[in-house]
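Notes to accompany the following structure.
The values are calculated or read from the model by the stated rules, or taken from the named source; none is laboratory data. If you're wondering where the values come from, they're calculated on a predicted model, not measured in any experiment. All Cβ positions, glycine included, derive from the backbone under ideal geometry; neighbour counts span all protein chains shown. SASA here: full protein model, heavy atoms, side chains in, ligands and nucleic acids out. Shrake-Rupley method; radii C 1.70, N 1.55, O 1.52, S 1.80 Å.
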Amino acid sequence: QMQLVESGGGLVQPGNSLRLSCIASGFTFSDYDMGWFRQAPGKEREFVATIRRDSGFTAYADSVKGRFIVSRDNAKNTVYLQMTALKPEDTAVYYCHVRHNTVDYWGKGTLVTVTS
């Protein structure tokens, strides 16, 4: 049914930037709010950002506020996460997320490693 495919992760130095993409399929993308979560080794998955179906509302975890921007292009069925001023503590697998009814759907994730 619902498919989410992330891309854009990689290895970067602190202070640098990365742009993650998530391409959605199998559902009417513009009908759904989308989100980004991340999971560092040995830690629980945590919320990063969310964006309303029409881009009219966004929200961020305190840890990324002012550094990350979530956006979407409904014509391309794609949600983005622009990450700037990256810190080592941003190192994690980043997952795209959508909720349908009470069921959570996830992509496979893309790895972001921030190290000097």
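Please tell me if Ser116 is more than 21 Å from Gln3 (Cβ to Cβ) and either open to solvent by 70 Å² or more (accessible area, probe 1.4 Å) or among the charged types (D, E, K, R) (or both). Spelling it out, Ser116 is indeed more than 21 Å from Gln3 (Cβ to Cβ) and either open to solvent by 70 Å² or more (accessible area, probe 1.4 Å) or among the charged types (D, E, K, R) (or both). Here are the criteria: (1) touching a helix residue (DSSP H, G or I) at 6+ places or on another chain (Cβ under 6 Å); (2) open to solvent by less than 30 Å² (accessible area, probe 1.4 Å). Tell me which single one Asn74 does not satisfy. If we test Asn74 against (1) touching a helix residue (DSSP H, G or I) at 6+ places or on another chain (Cβ under 6 Å); (2) open to solvent by less than 30 Å² (accessible area, probe 1.4 Å), just (2) comes out false. Condition test on Ser30, is it touching a Pro at 6+ places or on another chain (Cβ under 7 Å), touching a residue at least 40 places away in the same chain (Cβ under 8 Å) and not in a strand (DSSP E or B)? The answer is no for Ser30. Checking Asp54 against (1) touching a residue at least 24 places away in the same chain (Cβ under 8 Å); (2) open to solvent by less than 50 Å² (accessible area, probe 1.4 Å), only one condition comes out false. Which one? Just one mismatch for Asp54, condition (2). The residues of the stretch 40-53 that are touching a Phe, Trp or Tyr at 6+ places or on another chain (Cβ under 7 Å), of a type outside the set (A, V, I, L, M) and either within 14 Å of Gly107 (Cβ to Cβ) or part of a loop (DSSP other than H, G, I, E, B) (or both), listed by number, are Arg45, Arg53. The one condition from (1) open to solvent by 60 Å² or more (accessible area, probe 1.4 Å); (2) closer than 13 Å to Ala92 by Cα; (3) over 12 Å from the mean Cα position of the chain (by Cα); (4) not hydroxyl-bearing (Ser, Thr, Tyr) that Phe47 does not meet is (3). Look at the stretch 1-18: where a residue is farther than 16 Å from Phe37 by Cα and in a loop (DSSP other than H, G, I, E, B) and a partner is modelled with pLDDT under 95 and open to solvent by less than 60 Å² (accessible area, probe 1.4 Å), sitting 6+ places away or on another chain with Cβ atoms under 9 Å, you get Gln1/His100; Met2/His100. The stretch 60-116 holds strands (runs of 3 or more DSSP E) entirely within its bounds, and those carrying 1 or more residues that are more than 16 Å from Phe37 (Cα to Cα) and either modelled with pLDDT under 95 or not charged (D, E, K, R) (or both) map to 92-100, 110-114.
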